[in-house]
Structures are given as structure tokens and as C-alpha cells.
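Following: one structure in C-alpha cells, then a few remarks.
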Amino acid sequence: MSLHHDHTEPSPKAPLIALAAVAGLSLALASSVSFGLVGRDAVPELSRTAAGTQMASSRSLHFRDASDGGVEVFDASTGAQITTVAPGTGGFIRSTMRGLAHVRQREGLDAETPFELILWDDGGLTLTDPATGETRELGAFGRDNRAAFAALLDGEAA
């Protein structure tokens, strides 16, 4: 019995080509998401209104880190403080705003442009950053998380 392996036998090319194609497709999809070509709705209002959905109400909001670790929320049109998200609470609001702020920082934008919280007549609730075009469909994250932002839309100044 010989343990010698002959390396002159041709290797099967079809599986290698298929593997390379899958890897290339994965890289292409990952790049398109990273560069904002997929998954970014720059003007959600237009796409909703084109579908027959109308804005029911909206509020422009500013978010600011408080010295105690909380997050202060202000009505951008009046400057009045709506609420403070206490330290250690409001995880969904914190993570959503942190993500949107990161996009602004990455693109070299300041925090002066307010965010737009919009309730649609079909019950949809979106948070849009007009500075970057980023939009979050808040209902997609569950009822409790949607309610956290809906309270900001309905809430009176503190």
C-alpha cells in the first residue's frame, strides 16, 4: 500500500468558482449597505405620501447629554425641555440617538439640525435626521420601544 499522493490530479474547479462567487456577492452586499446604497431612505416623507399616507402630526426635537448622564429632550421650535431620560433608563431612546449622532459625527455634521419625529395617519412612527437622511421606522422595534418615542411626540414641556 502506497501512502504517496499524486498532486498532478486536477482539482474540481466548480466548487471553487461557486465559493468565490458567494464570497464576492457577500462583499458587494456588505459594501452597498456600508456606503448607504441600500437600506437608507433619504426622504421618507415623499415615499409615504406617494403611497397615500399623510403626516398626522410631527415634532422637531433636540437631544442633549446631561451632566448626570441623563439625556435631555427639547422641543426644537420652542426651546422648551420636554423631558429628561434618567441615567440607566430609556435604553431604546439612548441607543437610537447614539446611532444617529454617530452618523452625524462621522459625516462631520453638527447637532444644530433638529430630528423630526413624525406620526403618520396609518399609525407609523418615524424618526428622521434631516441632516443625514437617516430614518428609523420606530414601530419595527416593538410596541414598548415605539411608545417611548410616541411619548415625546405627545408630551408637553416639563
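Values for this structure:
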{"item": "Selection from the range 59-100 of residues that are touching a residue at least 24 places away in the same chain (Cβ under 8 Å), in contact with a Lys or Arg (Cβ under 7 Å, 6 or more places away or on another chain) and not polar (S, T, N, Q)", "result": "Val71, Asp75"}
{"item": "Selection count where residues are assigned to a loop (DSSP other than H, G, I, E, B) and in contact (Cβ under 8 Å) with a residue 60 or more places away in the chain, scope the range 114-158", "result": "8"}
{"item": "Among the candidates Arg136, Arg143, Arg64, residue that is basic (Lys, Arg) and over 23 Å from Thr53 (Cα atoms)", "result": "Arg64"}
{"item": "Subset of the range 60-98 (residues that are farther than 13 Å from Phe149 by Cα, touching a strand residue (DSSP E or B) at 6+ places or on another chain (Cβ under 8 Å) and outside any strand (DSSP E or B))", "result": "Ala66, Gly70, Ala76, Ser77, Ala80"}
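Laboratory data are not the source of any read-out in this text; all were calculated from the coordinates shown. Bear in mind that the values here come from a model prediction, so they are computed numbers and not experimental data. In this analysis, Cβ positions are derived from the backbone assuming ideal geometry, glycine residues included, and neighbour counts consider all displayed protein chains.
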